[in-house]
Structure formats: structure tokens, C-alpha cells
Amino acid sequence: MRMCAVAALAFFLVAPSVAAQETPKPVPKDSMRVSIPGCTKGQVFTAAPRTTEEAGSVDIPVGTHLRMNGPKKLMAEIKAHEGSMIVVTGLMKKGQYGPAGVGIGGGVRVMPGGGQSGGISGSPNVSQNFIDVEGWRQANGDCPVR
């Protein structure tokens, strides 16, 4: 009888921790799961240089801005760490972060588009990079102050 009680107690202590471990969502065919070090400001994540400590999982150019999407609770946690280096993990569409246009050398890229006379327009043709945030963690370092 005592052995049964101990076994039942052990089951009730272990069962919640096993149930709390959730398996990650399957990744759609047109997307990939990435981890990127960087900094946040509001809903915008800016990629930082990769280091040996915070290598990330994909080579996104430094300074690339990503619009973060995620549950309100998760986004509030990330916002609380604004100004600190973090690593976000989430889903991105394949190929969306690559530079647009054709490289002609010396860091110059040529892209098709209509002629514009001065200023920046609110063109709907401007592409926005997105990441569906699944999680985050603190990283070493500070974010640059601008």
C-alpha cells in the first residue's frame, strides 16, 4: 500500500513537467526557423553582428530590420529588455532577408523601379522583412544608443 502511494505521488510530481514540455511547431515548407542576435525598439528587431558566443543560425546582414510578430505576452517580455542584446528565435519566409536587386560591385545594387524625384515615399512596393517570434533569450553585450 505504501509503495502504491509513493508511486502515485511520484507520478503527480513528474506528469506536469512532462506535459509542460511542448514540441515546437512544424516549420512550413516555405519558411525556416532562425535564431538571430540583435536589439529591439518597439516592434522592430535590428540584426547585430554575429559573434562566436552568439552566432545565430542564419547569416542575416548586420543592421537588417525585421518586423516582429508574436503573442502579446511574449512581445511584452521582449519590450521589457529593450536596449539589451537578445537572441530571437522564430519563423521567417525563405529568401525574404536577401538583398534585393543585382550587385554590380563596391556595395552597389541596381533594382528595378520607377523614377522618383527626391524624398522617401510610402510606396507599397517596398518590401518589409518579418519574423514570427517563438521565443527569445538574453545575450552578452549592449545595444548601440542612437
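The values are calculated or read from the model by the stated rules, or taken from the named source; none is laboratory data. For clarity, every value in this text was computed on a predicted model and none was experimentally measured. Methodologically, a virtual Cβ is constructed for each residue, glycine included, from the backbone with ideal geometry; neighbour enumeration extends over all protein chains shown.
One table, with the values for the structure above:
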| read-out | value |
| --- | --- |
| Tally, over region 69-98, of residues that are farther than 18 Å from residue 145 by Cβ, touching a residue at least 24 places away in the same chain (Cβ under 8 Å) and not in a helix (DSSP H, G or I) | 12 |
| Region 39-59 - residue that is crowded, with 19+ Cβ neighbours inside 10 Å and under 11 Å from the mean Cα position of the chain (by Cα) and, of those, modelled with the lowest pLDDT | 56 |
| Among (1) over 12 Å from residue 129 (Cβ atoms); (2) out of contact with any Asp or Glu (no Cβ under 8 Å at 6 or more places or on another chain); (3) at pLDDT 60 or above, the one test that residue 91 misses | (2) |
